[in-house]
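*Asks:* Handing you this structure, nothing more for now.
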């Protein structure tokens, strides 16, 4: 089973990286990659670089900023492969983000498993696309959400969608906060917002306009909110 | 040096746009443009103004960019690209003296690229406005901060954040393809209109800077209208701005009080600007693709065409407002429509429309709503009710000239007593 570890953190997360956090991350990566548990992952640019996309009444609405106004924002992710959610939670507890912010654990449901990919092609930018629910949209307004498969097929064949998945409902999520042995695991997602992450896709596009175009074609752009945010590149570190 | 100020306004955006395109570095572009103007300020008084000041500045700025990039050693490819361009344009090597006959062809399109990038929908509206003013008109961060009444540090942060998002989220530096223009042009026009209104409506702050904002908004809109001849709304917005600016001198009296349209000295309206505006609005209408700016311009044109307030074609204005209200669904437009209807068909008809608007609640707290009701009631001779409405409006009004106007009317209706004779117009 694959699980997504969603790293969340409040503003100022960058300043919280100290020697202990770096050492913990290095050890985590050594073990998670060395044992084949960690499949993919990476840090995102700060939420100020996020753009949200939705389509209402046929009109494309593009907005500066992340999908929800929350204290903690998504800062990065890992997809890991392990036997059970309990094991996934154990990996989350060891990750320094669990005490620098929080780590939400969600199982990937449906779709092809995530596989590791090399870095972006020359001249391309990678974006995390978070597919989110929008409680402001009344279900009867748009009817049943259209199937996502045609979008997945089109964007994958164009080479702009690398991988992605729907996530299990937030009710089954676990969130880890604090430093072991005192880390606390709670049921539910990291943020108590009405908008919630329902799935994700990793895109590789020429620029933000292409990412917006791809996001706007996703069925959830009409029934929810789609956020696109660039990954943090190594040169920035 | 007065000539430099004019050249600065004319050329800053072009030079900045060209350098951003060639180097991809917004800060470098700004520094080099700034240096070029500083050199001009030192050298032109001594050596005389070159025949083609824009080309001179462009060459100096580009050479500065090459120098800086060369020193940084990491952008070899870009240096070569710039050097090739410099040679192509001046026929000399990159370190030669600026050539007054250099060709600056194609830079107009560069400015268009810059406008669309600064006004990208993925940037917050306030960031779009700030970035447009800084990079295209050369208004300093301090001046923009003063115009929008925020601390300079806040404005500086806003600009840094916007430029960072452009770089990291990879907002493309280009004019959108024709198929995307209908989606993107309204966003650009909205920024320009906001800048103009901020300058025109005087919701507080420094007068000189505010007038300057209007001029800069007009200049940029003209660039857009000329470079996008198939976008009638750009022409409509330009016409609208010109009609408004033509009335600027008559809008405020010597003591700084607001003079309403009906009381303005129409001999002080700028007829040259009015006829220019009229040409733009006719040009726009010829495309048969009406839009909100074109309709607003047509309405402003009706006012401009009336030699006296009494001669205003109110039925036509009321008709245009109805189209505009259908198009925008805006309650402010409905309010204006009620005013036009009151002039065409009498204050009672206006009051009926206003009642519907008040019931909707969308304009609660907006001082012009009770101010308009007060005016209708005064004209109907219902002075007591009018006085209450004027008092309510004065309490909500933002600036002191508006408050003074409302209080003067309040005193006037009070002096007439509860059943005094109302003057309809």
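Matching residues to (1) at pLDDT below 95; (2) within 21 Å of residue B:392 (Cα to Cα):
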| residue | (1), (2) |
| --- | --- |
| B:319 | no, no |
| B:324 | no, no |
| B:343 | yes, no |
| B:358 | yes, yes |
| B:363 | yes, yes |
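*Asks:* Go through the range B:182-205 and report how many residues are in contact with a helix residue (DSSP H, G or I) (Cβ under 9 Å, 6 or more places away or on another chain) and within 14 Å of chain A (Cβ to nearest Cβ).
*Replies:* 7
*Asks:* Looking at the range B:355-367, which of its residues are within 29 Å of the chain's Cα centre (by Cα) and part of a helix (DSSP H, G or I)?
*Replies:* B:357
*Asks:* Turning to a different aspect of this structure: Among the residues of the range B:108-140 satisfying the criterion of being outside any helix (DSSP H, G or I) and within 13 Å of another protein chain (Cβ to nearest Cβ), which is farthest from residue B:192 (Cα to Cα)?
*Replies:* Residue satisfying both the conditions and the ranking: B:122.
*Asks:* Do we find a residue being in a helix (DSSP H, G or I), touching a strand residue (DSSP E or B) at 6+ places or on another chain (Cβ under 7 Å) and not assigned by TED's automatic domain parsing to the domain that holds residue B:398 anywhere in the range B:144-157?
*Replies:* no
*Asks:* Which number in (1) over 14 Å from residue A:202 (Cβ atoms); (2) part of a strand (DSSP E or B) marks the one condition that residue A:153 misses?
*Replies:* Among (1) over 14 Å from residue A:202 (Cβ atoms); (2) part of a strand (DSSP E or B), the lone unmet condition for residue A:153 is (2).
*Asks:* Take residue B:24 and decide whether it is surrounded by fewer than 16 Cβ atoms within 10 Å (Cβ to Cβ), closer than 20 Å to residue B:223 by Cα and modelled with pLDDT under 90.
*Replies:* Considered against the rule, which asks whether it is surrounded by fewer than 16 Cβ atoms within 10 Å (Cβ to Cβ), closer than 20 Å to residue B:223 by Cα and modelled with pLDDT under 90, residue B:24 comes out as no.
*Asks:* Could I ask something else about it? Here are some conditions: (1) in contact (Cβ under 8 Å) with a residue 24 or more places away in the chain; (2) closer than 23 Å to residue A:40 by Cα. Residue A:169 meets all but one. Which one does it not meet?
*Replies:* (1)
*Asks:* Residues of the range B:79-89 being at pLDDT 60 or above and within 20 Å of residue B:35 (Cα to Cα), which ones?
*Replies:* Residues satisfying the conditions are B:79, B:82, B:83, B:85.
*Asks:* Further question: Output the number of the condition that residue B:384 fails; it satisfies all remaining conditions of (1) part of a helix (DSSP H, G or I); (2) out of contact with any helix residue (DSSP H, G or I) (no Cβ under 6 Å at 6 or more places or on another chain); (3) within 19 Å of residue B:257 (Cβ to Cβ).
*Replies:* (3)
*Asks:* Within the range A:32-61, take every residue that is over 30 Å from residue B:183 (Cβ atoms) and without any contact (Cβ under 8 Å) to a residue 60 or more places away in the chain and give me the one that is nearest to the other protein chains (Cβ to nearest Cβ).
*Replies:* A:41
*Asks:* Now for a separate question. Taking the stated definitions as given, is residue B:281 surrounded by 19 or more Cβ atoms within 10 Å (Cβ to Cβ), closer than 22 Å to residue B:193 by Cα and modelled with pLDDT under 95?
*Replies:* Spelling it out, it is not the case that residue B:281 is surrounded by 19 or more Cβ atoms within 10 Å (Cβ to Cβ), closer than 22 Å to residue B:193 by Cα and modelled with pLDDT under 95.
*Asks:* Turning to a different aspect of this structure: Could you figure out which of (1) surrounded by fewer than 18 Cβ atoms within 10 Å (Cβ to Cβ); (2) at pLDDT 95 or above; (3) farther than 26 Å from residue A:31 by Cβ isn't true of residue A:185?
*Replies:* Unmet condition: (3).
*Asks:* For the range B:254-268, does any single residue satisfy the condition of being touching a helix residue (DSSP H, G or I) at 6+ places or on another chain (Cβ under 6 Å), assigned to a helix (DSSP H, G or I) and closer than 14 Å to residue B:200 by Cα?
*Replies:* Checked against the condition, which is being touching a helix residue (DSSP H, G or I) at 6+ places or on another chain (Cβ under 6 Å), assigned to a helix (DSSP H, G or I) and closer than 14 Å to residue B:200 by Cα, the range B:254-268 yields no hits at all.
*Asks:* Of these, B:401, B:370, which one is in a helix (DSSP H, G or I) and in contact (Cβ under 8 Å) with a residue 60 or more places away in the chain?
*Replies:* Unique residue meeting the criteria: B:401.
*Asks:* If you go through the range B:64-74 one residue at a time, do you hit one that is at pLDDT below 90 and within 14 Å of chain A (Cβ to nearest Cβ)?
*Replies:* There is at least one residue in the range B:64-74 that is at pLDDT below 90 and within 14 Å of chain A (Cβ to nearest Cβ).
*Asks:* Here's something else I'd like to know. All but one of (1) at pLDDT 80 or above; (2) in a helix (DSSP H, G or I); (3) in contact with a helix residue (DSSP H, G or I) (Cβ under 6 Å, 6 or more places away or on another chain) hold for residue B:55, so report the exception by its number.
*Replies:* (3)
*Asks:* What number of residues within the range A:62-76 satisfy the criterion of being over 17 Å from residue A:135 (Cα atoms) and within 14 Å of chain B (Cβ to nearest Cβ)?
*Replies:* 4
*Asks:* Quick check on my filter: what residues within the range B:160-179 are assigned to a helix (DSSP H, G or I), more than 8 Å from chain A (Cβ to nearest Cβ) and either under 23 Å from the mean Cα position of the chain (by Cα) or within 18 Å of residue B:114 (Cβ to Cβ) (or both)?
*Replies:* Hits for the range B:160-179 are B:160, B:162, B:163, B:166, B:167.
*Asks:* Given (1) in contact with a helix residue (DSSP H, G or I) (Cβ under 8 Å, 6 or more places away or on another chain); (2) without any contact (Cβ under 8 Å) to a residue 24 or more places away in the chain, where does residue B:415 come up short, assuming only one miss?
*Replies:* Here residue B:415 clears every test but (1).
*Asks:* Now for a different question. Taking the options B:142, B:169, name whichever one is farther than 28 Å from residue B:279 by Cα and surrounded by fewer than 18 Cβ atoms within 10 Å (Cβ to Cβ).
*Replies:* None of the other options fit; the residue is B:142.
*Asks:* Tell me which strands (runs of 3 or more DSSP E) are completely within the range A:16-135 and hold 2 or more residues being under 18 Å from residue B:169 (Cβ atoms), or say none if there are none.
*Replies:* Where strands (runs of 3 or more DSSP E) fall fully within the range A:16-135 and carry at least 2 residues being under 18 Å from residue B:169 (Cβ atoms), they are A:38-43, A:51-56, A:59-64, A:73-81, A:125-133.
The values are calculated or read from the model by the stated rules, or taken from the named source; none is laboratory data. If you're wondering where the values come from, they're calculated on a predicted model, not measured in any experiment. Ideal geometry is used to build each Cβ from the backbone, glycine not excepted, and the neighbour counts take in all protein chains shown.
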